[in-house]
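I have placed the structure first, in the form of structure tokens, so that the comments after it can refer back to it.
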Amino acid sequence: MNLSKLKDILKSEPDFRVRQIEKAIYKDFCENWNEVTTLPLKLREILNKEIDISINGKILKSEGSDSLKALIKLDDEITVETVLLMHKDGRRTVCVSSQAGCASGCIFCKTGKLGFKRNLRVEEIILQALFFSRYLKKQNMRITNVVFMGMGEPLLNYDNVLDSIKILNDKNKFDISQRKISVSTCGIIEKIKLLAEKKLQINLAISINAPNDNIRQKIMPIAYKYQLNELLSAANYYIKKTNRRIMFEYVLLKGINDKSEYAQELAKKIKGLLCFVNLIPYNGEDQNKKPSLKSINEFKEILLINQIPVTQRYRFGTDIKAACGQLVFLKEKNNYLK
Ligand code: SAH
Ligand code: SF4
């Protein structure tokens, strides 16, 4: 899909054509111009010839029925991953990528290992939500939530991510409320402060992953640039400005950051902040990094004792298939639906 020629084609058309076309694409999720019967036939023919609105994506089905991963090929052959999570309570969340690859290089993350390729354009971010919207439309469903937790660091593609949020939020487009949109960052302090000034109602997640700079630097190279105490004061600033509860994500890595004493240390540092902690047991390929159930539970207990709310968000029963950020299914079956 590439809409760059649209402006030119609509040059001599009345203004309302733009709105009709935006509605067809972002609200009615039309897959080709023939479906857009509000447009004159002649214009449809021109659009059919000049603007391809198909999406070059394929769905890989996960083992359970609660998550679908899609690979979407962009114009320059780069592939991005996106996931649809079907929650039992009816939420249908799309986890979108904001960059191809990532420059931050966290040691536990698959995307980090790819290195940085490029920022995604607004259209390429939206494409991912559009892909699953078209898929769900066939079952009379819509996506209800969007999380920027796929490949890449959203706050290092700040302008495009914010413009995408506008399209997702727009009443005449996806119409997803800001409270159902989440952005996860490894902690780009200056951008957190900038975002705070916008006073949006979106959810901010900060991948804290460690209770101190020493451990953080070992697993997240970006921590050399951004110190934890400054990150926490940026988080505090964000909360003050927006009055929104922050989610701290903590990937538990066996023997690295999962000891009880670290839970104590973390609790001490975030106590009093309007926040909760989302504990994510490492779910990559390296078996040595997988925390034991005992250490997960102890970590959780200590936070709870310290009155810090804890969730394990991305677990569906015992089936952790689509932890975003690495978007790798445990047993990928290459079971193409399309
Ligand atoms: N770059 C952003 C958003 C993408 S990563 C960020 O880092 O926050 C989204 C989440 O997935 C992060 O919290 C990250 O810590 C987590 N994650 C990455 N690799 C993981 C893995 N192997 N196991 C569990 N969680 C992982
Ligand atoms: Fe990048 Fe986030 Fe992965 Fe770290 S966890 S390498 S910031 S995508």
Inset, instruction - Examine the stretch 243-251 for a residue that is out of contact with any Cys (no Cβ under 8 Å at 6 or more places or on another chain), part of a loop (DSSP other than H, G, I, E, B), among the hydroxyl-bearing types (S, T, Y) and within 16 Å of ligand 2 (Cβ to nearest atom), and state whether such a residue exists. - result: no
Legend entry - Matching residues in the stretch 105-138 - criterion: being more than 16 Å from the chain's Cα centre (by Cα) and either within 13 Å of ligand 1 (Cβ to nearest atom) or small (G, A, S) (or both): G105, C106, I107, F108, K113, L114, G115, F116
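Each row is one residue, and each column tells you yes or no for (1) over 30 Å from the mean Cα position of the chain (by Cα); (2) under 30 Å from K117 (Cα atoms).
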residue	(1), (2)
N2	no, yes
L6	no, yes
C30	no, no
T37	yes, no
I46	yes, no
K49	yes, no
L68	no, yes
Inset, instruction - Can you work out which of the residues in the stretch 85-102 that are of a type in the set (G, A, S) and more than 10 Å from ligand 1 (Cβ to nearest atom) is surrounded by the most Cβ atoms within 10 Å (Cβ to Cβ)? - result: A100
Inset, instruction - Quick one: in the stretch 260-282, of everything that is free of Cβ contacts under 8 Å to residues at least 40 places away in the same chain and part of a loop (DSSP other than H, G, I, E, B), which residue is nearest to the chain's Cα centre (by Cα)? - result: L274
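When only residues in the stretch 193-240 that are assigned to a strand (DSSP E or B) and within 12 Å of ligand 1 (Cβ to nearest atom) count, which is nearest to K110 (Cα to Cα)? Show your work before the answer.
Of the residues in the stretch 193-240, the ones assigned to a strand (DSSP E or B) are 203-207.
Keeping just the survivors that are within 12 Å of ligand 1 (Cβ to nearest atom) gives 204-207.
Numbers: L204: 22, A205: 19, I206: 18, S207: 15 Å.
Applying the filter and picking the extreme gives S207.
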Legend entry - Yes/no for L162 being away from ligand 2 (no atom under 16 Å from the Cβ) and assigned to a helix (DSSP H, G or I): yes
Legend entry - Breaking point among (1) away from ligand 1 (no atom under 16 Å from the Cβ); (2) farther than 25 Å from K240 by Cα; (3) at pLDDT 95 or above, for K338: (3)
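The values are calculated or read from the model by the stated rules, or taken from the named source; none is laboratory data. Because the structure is predicted, anything quoted here is derived from the model rather than measured. All Cβ positions, even for glycine, are placed from backbone atoms using ideal geometry, and neighbour counts span all protein chains on display.
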